[in-house]
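The values are calculated or read from the model by the stated rules, or taken from the named source; none is laboratory data. Note that this is a predicted model, so its numbers are computed, not measured. Glycine also receives a Cβ, built like all others from the backbone with ideal geometry; neighbour counts cover every protein chain displayed. The accessibility values were calculated without ligands, DNA or RNA, using every heavy atom of the protein model including side chains. Shrake-Rupley method; radii C 1.70, N 1.55, O 1.52, S 1.80 Å.
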There are 2 protein chains.
Amino acid sequence: MNAAGLKKGLKATGRRVTRTRQAVLGLLERTPQPLSATEIFEQLQKENVAIDLVTVYRTVHVLKELGLVAQIELHHEGQARYEIKEGREHHHHIQCQMCGAIVDLLLCPLKKITKLIESQTKFVVDDHTLEFTGLCPRCQ
Amino acid sequence: MNAAGLKKGLKATGRRVTRTRQAVLGLLERTPQPLSATEIFEQLQKENVAIDLVTVYRTVHVLKELGLVAQIELHHEGQARYEIKEGREHHHHIQCQMCGAIVDLLLCPLKKITKLIESQTKFVVDDHTLEFTGLCPRCQ
DNA sequence: TCATCTATTGCAAGTGTATTGCAATTATCA
DNA sequence: TGATAATTGCAATACACTTGCAATAGATGA
């Protein structure tokens, strides 16, 4: 686990290194798919890590602030998911509408398009979301 | 108002032409921005159209099924918005993170990219979401 | 026009995700 | 080790949206 990065970030912002923060970060690091707060909660329960769902929410919030974790919102899912950000390229996702599987897309095609949008709208673009849905090879 | 389209769609699916359905469609047609269910509810109240919030939700659901209205979900807004679909090109939006203003983007750059993603992931892509956030000219 | 049938509506209650207040707990540091 | 302040768990709350059911109101045929 990126314990050093976690510790450094927490210290730098006057926060404490706790069991639960380490457990949540550790779980996200060893899970390939983005997890929802509920999934984090349930998985840690299974692993006998005592943690409240409220604490999961507060923890992912902190991890986001430290830049260690990214929050993603998939199409019509009605809940946020979290994944490790540190050491990974900016990317997007595709989700199967049958089985719910989530796969990373390794390209983000929006850099050029962002320039175009800025000149068209006179906005200063700060961020974007891009998510695809469809059928995965198994569910076709 | 596209009363003909509404009537035709409703009849074709064994549904009834009601005051509330006409009122919701009419409001969406004369409002340039996408509206949330609560905003539809409040605006119709102002106009002395008696309607319950529950009915707004049920109505936009029907209008979506008829293909007359599109549901959009902006970045971190936590609520869906609805806009007229009929007669309009497929498009996306940019929202100002200061004042909340929503502006249409007149291009969708994802047709070519969709092909690429399909060959990369072996998914069959069905839909996508793409939303930008930033600062509008006034708020910069 | 009126009666009948059934879709639609409003109200109340219920879901599910996420947040907040506060007292109890625990990490940190002298 | 003991003081102090951040963190946690629990209960309550907020908010978007949905569901059950009785009352209402379109649609249809006589």
Pick out which of B:VAL103, B:VAL125, B:VAL56 has the largest mean-square fluctuation in a Gaussian network model of chain B, springs linking Cα atoms closer than 10 Å.
-> B:VAL125
Looking at the axis that maps chain B onto chain A, which chain B residue has the closest Cβ, and how far off is it in Å, rounded to a whole number?
-> B:LEU130, 2
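Starting from the residue with the highest accessible area, list B:ARG58, A:ARG16, B:ARG15 in decreasing order, probe 1.4 Å.
A:ARG16, B:ARG58, B:ARG15
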Any idea what angle helix A:111-121 forms with the longest principal axis of chain A, computed on alpha-carbon atoms, 0 to 90 degrees, nearest 10?
-> 70
From the label point of B:ASP52, set 7 Å along Cα to the beta carbon, how far off in nm is each other copy's matching point, shortest first?
-> 3.6
So for chain B, using the alpha carbon gyration tensor with a ≥ b ≥ c as root eigenvalues (a/c under 1.5 gives rounded; past that, a/b versus b/c decides prolate or oblate), I'd call it oblate
Average other protein chain Cβ within 10 Å of Cβ, residues B:96-102 | 1
Could you tell me how many degrees, from 0 to 90 and to the nearest 10, lie between the Cα long axis of helix B:19-30 and the main elongation axis, the longest principal axis, of the Cα atoms of chain B?
-> 40
Length-normalised contact order for segment A:1-88 - Cα pairs under 8 Å, 6+ apart - percent = 28
Accessible area of A:MET98 in the full protein assembly, 1.4 Å probe (Å², nearest 10) = 140
Compute the long axis of helix B:3-12 from its Cα atoms, compare it with the longest principal axis of the Cα atoms of chain B, and write down the angle in degrees, 0 to 90, nearest 10.
-> 90
Output row for B:LYS8: copy-to-copy label distances, label 7 Å along Cα→C-beta, ascending, in nanometres, one decimal, is 6.3
At q = 0.29 Å⁻¹, what base-10 log of I(q)/I(0) does the Debye formula yield for segment B:89-140 when every alpha carbon is treated as an equal point scatterer in vacuo?
-> -1.07
Out-of-range pairs (alpha-carbon distance over 27 Å; input B:LYS8/B:LYS111; A:LYS122/B:LYS85; A:LYS112/B:LYS115; B:LYS8/B:LYS46) | B:LYS8/B:LYS111; B:LYS8/B:LYS46
Between copies, how close do the A:GLN71 label points come, placed 7 Å along Cα→Cβ, listed in nm from shortest?
-> 2.1
